[in-house]
């Protein structure tokens, strides 16, 4: 078994993949891989592979070939990965804002201005996060994920004891 990456549609940077025991010529004859597609054979990638390779088969829309017509490597398209990571941050941030807004309202009704100020500081940290994340040193999906500061904590656990 092996994993074969190929560009589809042909001539584009979009990458599809298949895990198979068939040869590329058989897959072309079977019209699974287009005849003019650039392709790259890789050892089998499955759940037992390293985390980077496994991520590649589950997130192939973020991959690219070094050469569309005659590829020698498949790698992460770091511009797309950065967009994806920033979108994840914004989504998580919006979820956190809902929690923090509710906590701030509870603190306001109890007259806990110090807690409200602390919550507002947390919200500002979250607002600033997308512009402060630096993924320039990231080389793959995982190093990009690891470059994101861990500011998404359990805000309810942080503030609820002070709001009872």
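Any read-out appearing in this document is the output of simple, stated calculations on the displayed coordinates, not a laboratory observation. Computed from a predicted model, the values in this text were never measured in an experiment. A quick note on method: Cβ atoms are made from the backbone with ideal geometry, for glycine too, and the neighbour counts reach across all protein chains shown.
Per-structure values
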{"item": "From the options 85, 45, residue that is crowded, with 18+ Cβ neighbours inside 10 Å and assigned to a loop (DSSP other than H, G, I, E, B)", "result": "45"}
{"item": "Failed item, numbered, when residue 119 is tested on (1) in contact with a helix residue (DSSP H, G or I) (Cβ under 6 Å, 6 or more places away or on another chain); (2) within 30 Å of residue 66 (Cβ to Cβ); (3) in contact (Cβ under 8 Å) with a residue 40 or more places away in the chain", "result": "(2)"}
{"item": "Filter pass, residue 112 being under 30 Å from residue 52 (Cα atoms) and over 17 Å from the mean Cα position of the chain (by Cα)", "result": "no"}
{"item": "Boolean, residue 115 is more than 12 Å from residue 151 (Cα to Cα) and surrounded by 11 or more Cβ atoms within 10 Å (Cβ to Cβ)", "result": "yes"}
{"item": "Evaluation of residue 51 against (1) in contact with a helix residue (DSSP H, G or I) (Cβ under 9 Å, 6 or more places away or on another chain); (2) under 28 Å from residue 157 (Cβ atoms); (3) surrounded by fewer than 18 Cβ atoms within 10 Å (Cβ to Cβ) (one fails), failing number", "result": "(2)"}
{"item": "Failed item in (1) surrounded by 12 or more Cβ atoms within 10 Å (Cβ to Cβ); (2) in contact with a strand residue (DSSP E or B) (Cβ under 9 Å, 6 or more places away or on another chain), with residue 61 passing the rest", "result": "(1)"}
{"item": "Candidate set from segment 3-31 (those that are surrounded by 15 or more Cβ atoms within 10 Å (Cβ to Cβ) and in contact (Cβ under 8 Å) with a residue 40 or more places away in the chain); member that is farthest from residue 61 (Cα to Cα)", "result": "3"}
